[in-house]
Structures are given as C-alpha cells and as structure tokens.
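See below for the structure under consideration.
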Amino acid sequence: MPKLTITLFTLLLLSATCGTQRVLSQSAAIQGFTSDQSTGQTLEGVNVVVNELDNNQPQGTPSDRNGFYRVDDLEPGTYEVTFSYVGFVTFRDTLSLSTDERKTINVALEPDEAFLDEVTVEPTIARASKREVGAQRITSESVQRVPTPAGSGDLTSYLQAMPGVVTSGDRGGQLFIRGGTSTENMILVDGLMIYQPFHIVGFFSPFPEGLVSGADFYAGGFSPRYTGRLSSVLDIQMREGNRNDTKGMLSISPFLGEVFAEGPIKKGKSSWIASYRTSLIEQTSPWLLGEKQPLTFNNQFLKVSTGESNSRCSAMVMRTYDRGSLDAEEQSSIKWNNLVAGGRCLFLPQQQNYLINMNMGISYFSNTLQNENESEFFSDIARLQTDLNISRFSGSVEYNYGLFMNMKLINYSLSELLQSVQDESNTLLGMGIYLEASVPITPRLEINPGASLSVYPGIYPVSFEPRIQATWEPFGTEREQIDVSVGLYRQPIVGISDMRDAGSVFTAWMPSPDGAPQKEALQAQLGWQQSLGKGFSWSLEGYYKRLRNLPVTTWSPVAQFSTNLVSAKGDVYGGDVRIEYNRNQWYGFIGYGYNWIMYETEQDLFNTWFGEPVQRYHPSHDRRHQINSMISTEFRNFTVSARWQIGSGMPFTKPIGFDSIVQFEEELPSVKNIYGTPRVILDKPFQGRMPINHRLDISMERTFQFSESEISFQAGAINSYNQSNLFYYDVYTQRSLNQLPFAPYLSIKLQR
Amino acid sequence: MITSKKTILCVLLFGVLLLFFSSCNSTFDPLEENDQYFFSMYGYLDASADTQWVRIMPLSETLYPDSAFLDSTDVNVTLHSLETDELITMQDSVFHFVNDISAWNFSTTHQLQPDHTYLLSATNAEGNSSQTSISIPEEFPTPVVYLGISTTGEIINAVVEIQGVENLADLQSIYQVYFLNPGDEECPSELPDNNTRVFSIPNADKANRTNNGFVANLSIVEDERYIRSRIGTSTATCIYPQQFFIASANEEWLDFSVIDDEIISLPEGISNIENGVGYMVGIYSKTIPFKSCMDGNLPVPCEEESRIN
C-alpha cells in the first residue's frame, strides 16, 4: 500500500509538471529582494507589478517573508516594474527582458515621511490575497492590535484571540490548537525548534511585536516541509537589526519590564538586535492584585545579520526561563528553560531560478517540577538540527524541496514519594526529504501536492506523508476563495503530562513505546473566505482529524504520575467562522470556534472499574465552544482597544465521593487503630466540565512624539469586570484556583 | 457626525453584548451526584471475639472528613442474623485520628455464632442503604505448635499446624518487646510488667496449604529482625515471643497477595458491599500461646488465651 501511494504521488507530480510545459517555454523572469532603505531590513509585502509597455496587462506578486519576490512567465519585451509599499516612496524602473533571461533586481525602498503613520498594508495583487486553509500570516502590526498588559503587543496574546486556539488559562503557557495537545505544536524561531516558549504568565512570550518580523501560523494542513508534528505550526521570523542607525526601546508595566536595542555592526552591511524582558508580577502582585502571584519569567534574545544583494545570513541565540507555582498555596514549583542557538542563510544565485535556505542549530528544553511531598520530576530534550530548503521556479510552477536531519537526546526522571523512580534516556536520529509543488492549473485554480519521507533508524519504519492543498477562486475574482487540504501527519516523540491535573505544565518527552508506531493524524480541511467590501470580510473553515496511535498514560485511581503508555485513537472535528472589519480608523473581528474531540482507549483496568474495557472520553483540552472578539479604534490621538473572549468549560474527571481504604493485604485490620488510606472515588474519565469562562481586556494608548524619540502611555485592565474564571480544580484537595482577577495596569514605553 | 453616531452605536452594542455574557455565570459543582455508593464499610466480624468493631462511613464530600460531618449525619446500622432472624442495632463511636480526621466505627457486644450468616446494613436519613452479607466460618480445631530449640535453649523457629481451615485470613506472631533501662545489659528471664510494647508480625504469607489446612514454618530470627527494624537498631530491647493469632474465613476471603494495588483502589475492585464500597468478611479466630504443648512425647494443642494488647 505505501508503494502504491508513493507511485500515485509521483505520477501526480509528473502530471502537474507536464501540465505546465506550455509556460515553461516563456521563462523570462525578474526576481530579487526588497528592503527598507532606512534600516536595511527585509521588507515583506512589497507589491511588485510588472507591466509590459506596449501591452497593458500587469502581472505582479508581493515580496515574501524573506523580502524575496519573483515574477515569472514573462514574454521577451520592455517592461515597467513598480515596487510599492504603504509608507514608502514607490520605486519604478524600466527594463528589457530577452528570452530565458532571469534578471535580479534588489530594491531598497525609501520611507515617505508623509506616510509614516500608516501601518495598514493590503496587497493588491491577486496572488497576494491567497491564503491557505488553516493558515494565517501574522504581522508585527496585527500583534500590536491585541491588548497586552505591557508596553508591547505579544504574539501569544494575538494567537489566543484566534478561533480554534484554546488555552488552559492565563497562566501555564500552553496552547491547544484545533483539538491537538500543546506538545503537538511545532514552534520554530528563525527555522529552529523551540519547545515551550510561551511564558508561565499566559499573556507573554519571547515574541513581542518589536522583535517579530512576522509569523506563519498553520492551524492545520501545513506543508510537508514541516514534518514531525500533528497539530499546528507556528513559524516565527525574528526581525533583523537596523543596519544604519542605533535605536532602542525601554518599557515598564506592573507585569513586565523590557529593554531592546538594535544597530549596525558595519554600517549598511550588518546589524545586531538584542532584547531582555523580565516579569515583575511577582513583585507587584501583592499591591496590584491583593495576593502574591509567585510567577517569574525572563527571556533574552540576540541576533546578528549580514549580507547584501543575493545572500543574507543571520545567527541568533534565544533563552527563556520560567519559574513559579501555579497555585500559590501549594509548595510545588515548576520551572522550565529553553535555549535555542543557530543560524540561517538565504542565497539567490545569479541567473539561476532557485532560492536556497539553510538552517542549522541546537534547541534545548528542560523542565522540573518539585512538589511539597518531596517528589521531583525532571525531563529534558536536546535537538540538533540542520535542513536545506530549495525553492525552484519552472515557469509558473514553484517547487519546494529539501532535506533535513536531526538528532534528539531525551531524558526524564520521575521520583515520587513511596514510588520507585521512573527514568529513561533515549537518542533519536531522524532524517528525511520533502517535495512540494505549487501548480497553477488555471488562473483561478492552484494545487499544491507534496510529500515527505522520513526515517528514524532502529526506532520507526520509513514514514511517507503525502499532503495536498488546493485553492480555487470559483467566481473568477480574488474576493472569494475556496481552499481544501488533505494530508497525513506523524509525530515521532510524545510529550506526556500529568492526567490528574488539567493545569499541569510539566511535560516528560519520550519516544512512542517500544515497537509502537509514530502517532498519526489524517487531516482534512475545507475553507471559504470572502471579501464583502467596505472593509468587511469573513471566512468559514471546517476540519476533521482522524488520530491513531496516540500514546496516553494508563488510567489509574492511584495518585501517581505514570509513564506507562497505552495506545488510543481519536476523532476531532470542528469549524471556525470569523467576521473581520478593517477600514479607516476601525479594526475589529468576532470569531466563533467549535471543537469536538473524542479519544478511545482500551485498558484492562477499565473492565474492573466500569464493566467494559473500552472507554471513550473527551480529553481535558476539549473546549467545545469559544468566541473571540476584538475592537480597536483611533480616537482623538488615542488608540482604544478591547478584547473579549468566552469559552465553554474544559472536561475534568468528577469525583463521586471520598472514603478511606482499610487495608487487608498483610493482616486483618483493627478499625479502632487505623484510619486507612484516603481515597477519591472517581467517575468515568472526563465526564465533568469546568464552568464557562469569559474575560474582557481593555486598553487605551497615547503616543507623544519628540524630535527623534517618542513616549507611549498605555492604561488598561485585564479581566475588566473581575470575572471569577476557574483555572483548575484539584479533586484531591478540592481547592479551586482562579485565573487572574481584575488587574489594572499602566505601562510606559520610551523609544528612539 | 455620522462617524460619531456609528461609534456610539458600536460601543453601545458591544456593551450590551458584554452585559449579556458577563451574566453567564454557571455554578460549578465538582462532585458527581452520587446515587451509586452510599456507605463505605470495612472490617470483619469475629465469632470468637467479645465485641465486634466495623468501620462504616457515609461517602464523604471531602477527602478528610471531620467530626462535624459525622455529627450532622444520621445513620442506622444493624446486624441481622439470617438463621435466627435476630436484629442487632450497632452503636456508633466517633474515633479521632491525627489532623482532626474522624471516622465512625460501629460496635456490638452481641455474641455472634460460627457458621451463621449476618446481614450488615447501614441506612441514612433519606432511606438509602448499603448492605453486605457476612458468613462466619465454623470453628476449627486449635492449631498445634512445634518449636525448634537450639542447643543453647533459644527458640529458632516455630511450626504452626492449622487444620480444618479452608481460607487462612490471618496468622500473626505476637511478641512483647521490653525496652531496657539505661545501664541494663542483660534481658530479664521473665517479661517485666512495664516498659513493654506488643508487636504483631503478619505471617499468613508464610503458610502453605496442606490436605486439610495450612502449615507455617516461621523463623524467629526474621521476626526479631523485622521488629528491630521498626524500633531502630540503636535501642536496647529484649524480645519475648508470646502468642499466635490464627483466623479462618469462608470463600468470601480474597487472596490479597495476587491482587494489584490499583484494583484494590477501585471502588468496585474488591468491594462486596451492595450500593456501597468496601470489604467485609466473617472470621473465626483463635489465639494460642507461643509454645509447644506435649502429651508425653506427643505434641497437642495448647489451651487458647485472650489476645494481649
């Protein structure tokens, strides 16, 4: 069967390629990079329009996240090329192209002083507006819009406002996307894996608006370039430093202090950018919130970039640290660290029709949980990776292919009171290749078939993961678009959390149990998006995932972290609808997400417990309904934003009652002398649901300009109407822990 | 002006929606309504004992119930003899353990009969009851003890021969430990009256089944090692073997040595309580001295004793 699948896939690729032979004969093209002349930084989204002088039929494309653009399929002739971007002076050039010529034009746009305040960018070329189903390009400007209790917007706050994205609360830093667990998300920072970047205070991550150049977020249906995760991909590109001038920013709020600076290493040629952020909530919470929140985090980031004309290289290091107690009354403490270091290079060989992207680096993650009963859990994972990615253009067909290799060193050690220590170390060496193509079948229909082939010698058999995505504009205009994607996804490592506690953050990484296959998801997604005009647009997406070989911990009535895994299967389906308005000084959206997850697992204990060996249940991240909305406007020099969200309760296992077990194992017990072992009698798994939670965050910002500097004041409040939102409920101690109460804040940001 | 009206309208609409949803406060009741298990019952009925003590607790809504919970609960516990139709009402007593944890034990001094079956019922004020049927085994012959004595006169081992028992519920070696006073170097030949403590060593796992019962070969050295490990090796003690406690049970008795802890932890893993959880068993027990009794050269059963406490 796999051979048949591979053969069919190859035939599909060949037929797709053959179908484009007509356009291969006209291979003149222009390509290059766009950048900001004032800073030397990459400029994404520049509209490149090529217009033949004696034939007014413009062709165009926006520059991508690397600032790269390419316009293919041009007849020999004379063209006017226009590079435009809001806030910059439009650049025009006239050029002649001969047959088969590939001309490279790198353009540095000059800022237009008259438009400095403009931030909204809406590409006007047809291909620019195409968005894959489940995918979203997140820009620094959009991150800025979502209220965050700090001087800068934060990527994690933005993500939490998206339909289909579920969090366990405002602490813990876990995201569940379209039915996946938090360990099924792939998060890449400049191409390198980062395991648990979101901070323990859930509004924050190491990705503030000032550091992020952009991010590609795939809630599903992602390309075969991304292998090794089931649920989602967040591919973050960090900003390069200013190559011409030294700039800086300083901000402080009751939640966070931040300093950031950038500047040239060699003027116009290379740059650096550095940032340090640290939490202040532990110090400010006693007077701000009326109770101490023992939560601490910080992160550091340094990136150096160099390159000109046809090549760009960068190296970066990022470190994050989180420590705290999710429940201040308990003497338990969780801490985790991420360290990511590596580099990437981008080459555009002269007169060639391909673009090369290389990444190399190391990612390290460790987490430790210490409990008051002297138990200690530790787990870490180190990942060395290298990958080579090539984008090759053949007429109007774009091929992306490459190879990747990684080695993971995984350890865990779980020590609990009165339990034997569970520990294990593993090394996984993985390698693979991928290939995908973007094939325009007609001007309004494009398909993207692809597949990856990966192998983990000695652990898993060869994994072939075919995926296909198609985009169709059914009414012949870019205003309406239908997207569909189907694909197979596998994940070689498993992150295990404590099933007893939905708020548990500690994760023990390990491979699938000996002899078990990789966890697997077959995903299908269908989406519709439409621009209604006058600033309104809406989208509707549905998805289904068939999950197989999911390792879940064995269910146990005994309070113990278990690494004994059994296989489960599951089904996930859901849909998201989102209406967006973006016009003049107004921006707003409202989105509704529906999500249904069902796991099914067979365990011996279930037979004794419930009279049948198979149990079906909705796992703890099954948030069935969620509404997110946001509105922001500019009003008399103020920017006012409000974000409101409501979500249905997540499942938990209800206790039926409590008693104490009087033991008969060794001798007949004397009930006069012993109390016994306290026991919670649990209902079937995850039959209960936590209450609905909802929250309104508001903010108001005003910026004052000085010669070369500006100072911004932001006042706002988290949980403005002081809703008591349950974070988690401990069935053993019967204590409830709420999310943050009403938390007003004032932040000050000074930047030059 | 139009923009202002639109702005006001939008803000009002947003506000109304917020007010509507902010009133969405669902109550949170983490406990599943319990119409399945009413009481937890643990213990045993012993036809050879003067007083019966059993643990009977309504299922609590907290992990560690306090006395206030028991004070506010109305429970009637009865023991019904199926053979004689006699109904015995058991008396409640609140027992306090560490950290203000309380438990209810019920007792009766009514003499129970071997080879009889009793229905133990607990009923709450709402009329919900849990019950279990407890059959008490018939009396068994007094076991015979053979002691192995070293050339220096010390007991090396004891062989306990138990006949007429289908299921051995318990076999305990009972010792009394005397804590030497500072300066004392030798153990007294006779057990002193004070400064002593009783230790019971569970030894049922050392009993092997025979054609008509069980036989256990018990090492005194192992028992003494176990006792010293509990006391601490730095404490000077003298250990005096005192008694054996033997209990038989009917077929309701479970072989706990082969049952997993997780099964035991399940509400119905080992439960024999109807509409409740727990485990109750009927036993017949004998307490005999830790010595060999001889009729000439023939070992014979010793006379039964009251168990030391």
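Among the residues here, B:GLY276 does not qualify as crowded, with 17+ Cβ neighbours inside 10 Å and without any contact (Cβ under 8 Å) to a residue 40 or more places away in the chain.
When B:SER248, B:SER234 are checked against the criterion of being within 25 Å of B:VAL198 (Cα to Cα), small (Gly, Ala, Ser) and away from chain A (no Cβ under 14 Å), a single residue qualifies: B:SER234. From the list A:SER223, A:SER213, the lone residue that is polar (S, T, N, Q), in a loop (DSSP other than H, G, I, E, B) and either free of Cβ contacts under 8 Å to residues at least 24 places away in the same chain or under 22 Å from A:CYS345 (Cβ atoms) (or both) is A:SER223. Checking each residue in segment B:176-193 for being over 21 Å from B:SER234 (Cβ atoms) and either surrounded by fewer than 10 Cβ atoms within 10 Å (Cβ to Cβ) or not hydrophobic (A, V, I, L, M, F, W, C) (or both) picks out B:SER189, B:GLU190, B:ASP193. Just one of the listed residues (A:PHE378, A:PHE404, A:PHE365) is assigned to a strand (DSSP E or B), closer than 22 Å to A:HIS199 by Cα and in contact (Cβ under 8 Å) with a residue 60 or more places away in the chain, namely A:PHE365. Is one or more of the residues making up segment A:619-630 hydrophobic (A, V, I, L, M, F, W, C), more than 23 Å from the chain's Cα centre (by Cα) and within 12 Å of chain B (Cβ to nearest Cβ)? No, segment A:619-630 contains no residue that is hydrophobic (A, V, I, L, M, F, W, C), more than 23 Å from the chain's Cα centre (by Cα) and within 12 Å of chain B (Cβ to nearest Cβ). The residues of segment A:605-631 that are without any contact (Cβ under 8 Å) to a residue 60 or more places away in the chain, in contact with a strand residue (DSSP E or B) (Cβ under 9 Å, 6 or more places away or on another chain) and charged (D, E, K, R), listed by number, are A:ARG616, A:ARG624. Of all the numbered requirements in (1) hydroxyl-bearing (Ser, Thr, Tyr); (2) farther than 19 Å from B:GLU138 by Cα; (3) crowded, with 17+ Cβ neighbours inside 10 Å, B:SER248 misses one, and that requirement is (2). Tell me whether segment B:177-199 contains one or more residues that are within 14 Å of chain A (Cβ to nearest Cβ) and touching a helix residue (DSSP H, G or I) at 6+ places or on another chain (Cβ under 7 Å). Yes; the residues of segment B:177-199 include at least one that is within 14 Å of chain A (Cβ to nearest Cβ) and touching a helix residue (DSSP H, G or I) at 6+ places or on another chain (Cβ under 7 Å). The strands (runs of 3 or more DSSP E) falling completely within segment B:28-99 that include 1 or more residues that are within 18 Å of the chain's Cα centre (by Cα) map to B:39-46, B:52-58, B:91-96. Can you pull out every residue in segment A:715-730 that is more than 7 Å from chain B (Cβ to nearest Cβ) and touching a residue at least 24 places away in the same chain (Cβ under 8 Å)? A:ALA715, A:GLY716, A:ALA717, A:ILE718, A:ASN719, A:SER720, A:ASN725, A:PHE727, A:TYR728, A:ASP730 - these are the residues of segment A:715-730 that are more than 7 Å from chain B (Cβ to nearest Cβ) and touching a residue at least 24 places away in the same chain (Cβ under 8 Å). Does A:PHE652 meet the test of being touching a residue at least 40 places away in the same chain (Cβ under 8 Å) and surrounded by fewer than 18 Cβ atoms within 10 Å (Cβ to Cβ)? Judged against the criteria, A:PHE652 is not a match.
The single condition from (1) within 13 Å of chain B (Cβ to nearest Cβ); (2) more than 19 Å from A:SER157 (Cβ to Cβ); (3) under 32 Å from the mean Cα position of the chain (by Cα); (4) surrounded by 20 or more Cβ atoms within 10 Å (Cβ to Cβ) that A:GLY657 fails is (3). Screening A:ARG578 against (1) part of a loop (DSSP other than H, G, I, E, B); (2) buried (at least 19 other Cβ atoms within 10 Å of the Cβ); (3) of a type in the set (D, E, K, R) leaves a single unmet condition, (1).
Selection of segment A:32-67 for residues being acidic (Asp, Glu) and in a strand (DSSP E or B) yields A:ASP36, A:GLU52.
Is segment B:43-64 home to any residue that is at pLDDT below 90, surrounded by fewer than 20 Cβ atoms within 10 Å (Cβ to Cβ), over 22 Å from B:ASP170 (Cβ atoms) and more than 9 Å from every other protein chain (Cβ to nearest Cβ)? Within segment B:43-64, none of the residues are at pLDDT below 90, surrounded by fewer than 20 Cβ atoms within 10 Å (Cβ to Cβ), over 22 Å from B:ASP170 (Cβ atoms) and more than 9 Å from every other protein chain (Cβ to nearest Cβ). Taking segment B:200-225 only, how many residues are assigned to a loop (DSSP other than H, G, I, E, B) and more than 14 Å from every other protein chain (Cβ to nearest Cβ)? The number of residues fulfilling the criteria is 2. For the residues A:LEU384, A:LEU409, A:LEU346, the requirement of being part of a strand (DSSP E or B) and in contact (Cβ under 8 Å) with a residue 40 or more places away in the chain singles out A:LEU346. Would you check if A:VAL566 is within 14 Å of another protein chain (Cβ to nearest Cβ) and at pLDDT below 95? In short, yes.
Against the test of being under 30 Å from A:SER285 (Cβ atoms), assigned to a loop (DSSP other than H, G, I, E, B) and of a type outside the set (Lys, Arg), the options A:SER707, A:SER699, A:SER670, A:SER724 yield a single qualifying residue, A:SER724. Of the candidates B:ASP100, B:ASP115, B:ASP92, B:ASP85, the single residue that is within 14 Å of another protein chain (Cβ to nearest Cβ) and either over 30 Å from B:LEU59 (Cβ atoms) or exposed (fewer than 12 other Cβ atoms within 10 Å of the Cβ) (or both) is B:ASP100. Residues in segment B:115-153 that are in contact (Cβ under 8 Å) with a residue 40 or more places away in the chain and in a loop (DSSP other than H, G, I, E, B): B:HIS116, B:ALA125, B:ASN128, B:ILE136, B:PRO137, B:GLU138, B:GLU139, B:PHE140, B:PRO141, B:THR142, B:PRO143.
Yes or no: A:ASP93 surrounded by 16 or more Cβ atoms within 10 Å (Cβ to Cβ) and in contact with a strand residue (DSSP E or B) (Cβ under 6 Å, 6 or more places away or on another chain)?
The answer is no for A:ASP93.
Scan segment A:523-556 for residues that are buried (at least 17 other Cβ atoms within 10 Å of the Cβ) and among the basic types (Lys, Arg) and jot them down. The answer is A:LYS545, and nothing else. Just one of the listed residues (B:LEU298, B:LEU254) is more than 18 Å from B:TYR44 (Cα to Cα) and either free of Cβ contacts under 8 Å to residues at least 40 places away in the same chain or more than 14 Å from chain A (Cβ to nearest Cβ) (or both), namely B:LEU298. Here B:GLU268 clears all of (1) crowded, with 16+ Cβ neighbours inside 10 Å; (2) modelled with pLDDT of 90 or more; (3) assigned to a loop (DSSP other than H, G, I, E, B) except the condition numbered (2).
One residue stands out in segment A:669-695 among those that are more than 44 Å from the chain's Cα centre (by Cα) and farther than 19 Å from B:VAL277 by Cβ: the one that is nearest to the other protein chains (Cβ to nearest Cβ), namely A:LYS672. Any residue at all in segment B:209-228 that's without any contact (Cβ under 8 Å) to a residue 24 or more places away in the chain and aromatic (Phe, Trp, Tyr)? No, the conditions are met nowhere in segment B:209-228.
The values are calculated or read from the model by the stated rules, or taken from the named source; none is laboratory data. Keep in mind the model is a prediction, meaning the values are calculated, not measured. Ideal geometry is used to build each Cβ from the backbone, glycine not excepted, and the neighbour counts take in all protein chains shown.
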